[in-house]
1. Within segment 82-127, work out how many residues are assigned to a loop (DSSP other than H, G, I, E, B) and of a type outside the set (Phe, Trp, Tyr).
2. Would you mind telling me which numbered condition in (1) over 30 Å from residue 88 (Cβ atoms); (2) more than 18 Å from the chain's Cα centre (by Cα) residue 279 fails?
3. Only one residue in 77, 129 is open to solvent by less than 20 Å² (accessible area, probe 1.4 Å), touching a residue at least 24 places away in the same chain (Cβ under 8 Å) and within 30 Å of residue 239 (Cα to Cα), so which one is that?
4. Look at segment 212-248 and say how many of its residues are open to solvent by less than 40 Å² (accessible area, probe 1.4 Å) and either in a loop (DSSP other than H, G, I, E, B) or at pLDDT below 95 (or both).
5. Looking at (1) basic (Lys, Arg); (2) surrounded by 14 or more Cβ atoms within 10 Å (Cβ to Cβ); (3) modelled with pLDDT of 90 or more, find the lone condition where residue 88 falls short.
6. Any residue at all in segment 144-151 that is surrounded by fewer than 21 Cβ atoms within 10 Å (Cβ to Cβ), within 21 Å of residue 251 (Cα to Cα) and in contact with a Lys or Arg (Cβ under 8 Å, 6 or more places away or on another chain)?
7. Can you tell me which residue within segment 92-119, out of those that are β-branched (Val, Ile, Thr) and within 9 Å of the ligand (Cβ to nearest atom), is nearest to the chain's Cα centre (by Cα)?
8. When segment 248-295 is examined, which residues are found to be of a type in the set (Gly, Ala, Ser) and within 16 Å of the ligand (Cβ to nearest atom)?
Amino acid sequence: EGGEVDGEDELRGLAERIELTRLEDEDEATKSAGTGELSSSGSAGLSGKNEGQVSSSVTTEEEGEDDATPPTLRSVARWIQAQEQGTRRNVIVLSGAGVSCSAGIPDFRSPGTGLYDNLQKYNLPYPEAIFDLNFYRRNVDPFVSLASEIWPGLRYSPTLTHSFIALLDRHGVLLRNYTQNIDGLELLGGVTEERLVECHGHFRTAKCTNCFLPHDGEECRREMVEEKRAPRCSRCGGHVKPDIVFFGEGLPDRFGRLLRHDLEEADMIVVAGTSLTVAPVSMIPQMVEPTCRRVLLNNELVGDFSPEGENEGFYNRREHSDVFEEGFCDESILKLCKMLGWEDELLELNSQSQIGDYER
Ligand code: OAD
């Protein structure tokens, strides 16, 4: 129907223009525009690994015990395997903080362990103020402390989930990885730049938060990591920050440029380790075509995923039921890779990508 198509286009257009926005409630997820509402303070010591996270030595179901594995994950494996028989597969992976938890980086919103529950020492007005531009202009310390902790390449290594995304890329199945993470573990894990959209920015480049003059990224790293301070702009003296997207800022151009195309091409979307609470990325699973299969690998059910029975898409009935594999994503990935016969490759790729021991 014409109206539906227009509406869908409008939604997609919105996602391309929209600024980083925290969703207050689920209804807002489909219509939220405008600037994000931020809140308050501090840097958690990034200490806690999720209890029970799997490591590469975890025992999972052995080959041959297929009956014990969820049929849903099995069907995902079969579907991906068809690529080997010449059927083209285009998978979007949408990832969030949960995929990095087993590396030792806490997520944002898990009660108790999430970053936003551990910012007391910064006395922030509200937790998300750590990513608020106006707050940063007054007080750089919380963000600088966080940045110096998670700066890519320093101490955290890719998880099995990152390695799986890289494997999808190697096997020619990955259409794109849209990540909300700023820890850089996708690239370290071997996902190629072409297949990666860092929706919330990265640490490689930097600019002044006042006059937006670009600042040398390496110099920014040195000052933030080694001297624990934000560089000053050589032109106006404003605080420099790496090109991480703060609330109220626009997403990188690459996001809007690729999303429209990828939504048309994708025939599976795998969503992992995200609460789907920050727009516009949170809207992507609703925007895929009704024919696109949707898979959620997460500790909890999020967004509009509906693993049981019929699932109404935003405008059309979805042609396939969603798959929801509840639990730690590394564990689900290991199961899936066993089914795919990719386990050895996964473990090898993951071990190759580990950075040297770091004394915590
Ligand atoms: P959240 O902390 O909001 O959500 C993490 C999700 O992952 C939750 O649903 C957890 O239950 C789940 N989870 C945690 N560990 C997991 C594991 N090992 N396996 C599977 N699931 C796990 O993080 P995001 O959704 O990524 O913005 O947050 C979105 C944005 O909010 C971030 O990009 C950040 C923040 O403000 C910026 O940095 C600008």
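1. So the answer is 21.
2. Among (1) over 30 Å from residue 88 (Cβ atoms); (2) more than 18 Å from the chain's Cα centre (by Cα), the lone unmet condition for residue 279 is (2).
3. None of the others qualify; the one that does is 129.
4. So the answer is 9.
5. Result: residue 88 fails condition (2) only.
6. yes
7. The residue in question is 99.
8. The answer is 248, 250, 272, 273, 275, 279, 282.
The values are calculated or read from the model by the stated rules, or taken from the named source; none is laboratory data. Predicted model, so just to flag it, every value in this text is computed and none were measured. Here the Cβ is made from the backbone with ideal geometry for all residues, glycine too, and neighbour counts use every protein chain on show. Each accessible area value is taken on the protein alone, full model and side chains, heavy atoms only, with ligands, DNA and RNA left out. Shrake-Rupley method; radii C 1.70, N 1.55, O 1.52, S 1.80 Å.
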